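The values are calculated or read from the model by the stated rules, or taken from the named source; none is laboratory data. Just so it is clear, the model here is predicted, and its values are computed rather than measured. FYI the Cβ positions are ideal-geometry reconstructions off the backbone, even for glycines, and counts take in every protein chain you see.
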Amino acid sequence: MCIAFWTNFNFTLIDAQTGNDLIFGSNPSLSVADIKLFVKNNSPYREVKLWADSNNNRLYSMTASDTMALQIKNEPLKYLLVKKFCSTDCCSRSVVEIQYEGQLHVADKNQFFRIKR
């Protein structure tokens, strides 16, 4: 029996040209504070908590939804549409396919996205 149900979204941002991690790399150009995630559940978008895991070089949210938006610094929102979730255990699921900037992105075997910027 679950007391809470989590919907996980694990990601980092990488440079589209070099592939370098923009948040956790050796010379990051973004900080965790520069990144905001918004979800929409039959209501206006609302910001959700993002956690930083520097041991695994990832940002993650445990409150993902079908429709989300990512904001980098003060740039306009970039929309994410979740195409597929995968159950990870009886009390959670993870995002494994998204449409971002018009392209389909599939998570790796660890249910992790490297989003190009």
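Would you confirm whether or not segment 94-104 contains a residue that is part of a loop (DSSP other than H, G, I, E, B), closer than 19 Å to Thr7 by Cα and modelled with pLDDT under 95? No, there is no match, as no residue in segment 94-104 is part of a loop (DSSP other than H, G, I, E, B), closer than 19 Å to Thr7 by Cα and modelled with pLDDT under 95.
When Asn56, Asn8, Asn42 are checked against the criterion of being polar (S, T, N, Q) and more than 16 Å from the chain's Cα centre (by Cα), a single residue qualifies: Asn42.
Taken as a whole, the structure leaves Asp34 outside the set of residues that are of a type in the set (Asp, Glu) and closer than 15 Å to Phe112 by Cβ. With the structure loaded, tell me whether Leu37 is in a strand (DSSP E or B) and touching an Asp or Glu at 6+ places or on another chain (Cβ under 8 Å) or whether it fails that test. Spelling it out, Leu37 is indeed in a strand (DSSP E or B) and touching an Asp or Glu at 6+ places or on another chain (Cβ under 8 Å).
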